[in-house]
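The values are calculated or read from the model by the stated rules, or taken from the named source; none is laboratory data. From a predicted model like this one, the values you see are computed outputs, not experimental measurements. When we count neighbours, we look across all protein chains shown, and the Cβ atoms used for this are built from the backbone with ideal geometry, even at glycine. SASA here: full protein model, heavy atoms, side chains in, ligands and nucleic acids out. Shrake-Rupley method; radii C 1.70, N 1.55, O 1.52, S 1.80 Å.
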Amino acid sequence: MSILNAIILGIVQGLTEFLPVSSSGHLTLLQRAFGIQEPSLFFDTMLHLGTLLAVFVVLWKDILDILKKPIQKLTFFLIIATIPAVVAALTFKDVIEEIFISARYLGICFLITAALLVTSEILSRRAKNNSNIKEKKNMNWLDALVIGLMQAIAIPPGISRSGATISGSLFRRLDREFAARFSFLLSIPAILGAVVLQTKDLIEGAGTDGYSISAQAVIAGTLTAAVIGFFAVKFMLKIIKERSLFGFAIYTGVLGVLVLLDQLFFHLVF
């Protein structure tokens, strides 16, 4: 893999990991459309660590508060919200791997992301008009569980994890800025879980056969993912507070239609 390809993959990973457009879906599209070889397991792990670093830098105050006082409601809610995705990933591991390899449902999944964003935005505006928004202090375990179920739904490529979890928060009438912050905090165990599983496979020797990548390419991709991820988190925190999610919904909706058309009729990429 060239340094340029590593940087491109780092940009896509860092940008789409936190914007509600699906990082896995875009990486699948990128690899198929431009013939970019699928990243090695080690490189993919490093990209995840880069985006994890971005979350730590932006949300360091929130993370420090949790570390200072680990026994609190927010920690409890993060644990509850993490469980559904873990259960789903372990229970449907083979099915999920087949979906990733085939990308058969990629177009439909992009459309699901668009539908979630539109629906959550409408419900959020309705709750705001009715002065029915819940603050962070009013969050309960059911809110966390709904958000966790939405994260579990977002495992297939094309369904955005951040989009689904933010939508889950808005479905539950939570404050918009807190919805984004909770989503990004929830990404920490999600990304760490991916890194742990990938590290396990690396130790066992999986995903490395016949693949060569330079240290320079790994460093370039990781740093790119971290820097772009930093700006993506900052941008998303501002966007969800001041603007709507309709733009992202239009983008993923159009992308989903284009992917479906190609899958069914044109076969230019799929």
The helix 141-153 Cα axis meets the longest alpha-carbon principal axis of the chain at an angle in degrees, between 0 and 90 and rounded to 10, of 20 degrees
Estimated [θ] at 222 nm from DSSP helical runs (n ≥ 4, -39500 (n - 2.57)) normalised by residues in the chain, nearest 500
-25000 deg cm²/dmol
If the cut-off is a Cα-Cα distance under 27 Å, which lysines reach Lys137, setting aside same-chain residues fewer than 8 apart in sequence?
Lys61, Lys68, Lys69, Lys73, Lys128, Lys234, Lys238, Lys241
Percent of Cα-Cα pairs more than 33 Å apart in the chain, please.
18 percent
Nearest-20 debye value, the chain charge dipole, Cβ charges on Lys, Arg, Asp, Glu:
1360 debye
Heavy-atom surface of the chain, accessible at 1.4 Å and reported per residue (Å²)
50 Å²
Once you list every other residue whose beta carbon is under 12 Å from the beta carbon of Thr51, what net charge do they have if Lys and Arg are +1 and Asp and Glu are -1?
-1
Check which residues have an amide H placed less than 5 Å from Leu174's amide H, if you skip close sequence neighbours.
Lys134
The stretch 119-199, relative contact order [Cα under 8 Å, separation at least 6], %
33 percent
Percent RCO, i.e. relative contact order, over the chain, from Cα pairs under 8 Å lying at least 6 residues apart
40 percent
For Ser131 and Val86, FRET efficiency with R0 = 30 Å and r from the beta-carbon atoms, rounded to 0.05?
0.25
Would you mind telling me the share, in percent, of accessible area of the chain contributed by carbon and sulfur at probe 1.4 angstrom?
68 percent
Protein-only accessible surface order, largest first, of Arg32, Arg176, Arg125, Arg243 at 1.4 Å:
Arg243, Arg125, Arg32, Arg176
Could you give the dipole magnitude of the stretch 91-198 about its Cα centre, charging the beta-carbon of Lys and Arg +1 and that of Asp and Glu -1, in debye to the nearest 20?
480 debye
From the phi of every residue in the stretch 157-173, what ³J(HN,Hα) in whole Hz does the Karplus formula 6.51 cos²θ - 1.76 cosθ + 1.60 yield, where θ is phi - 60° and glycine or proline is x?
x, x, 9, 6, 5, 5, x, 5, 6, 5, 4, x, 5, 5, 4, 8, 6
Which order, highest average first, do 45-51, 244-250 follow once you tally other Cβ atoms within 10 Å for each residue and take the mean per peptide?
45-51, 244-250
C-alpha long axis of helix 73-91 to longest principal axis of the chain, angle in °
40 degrees
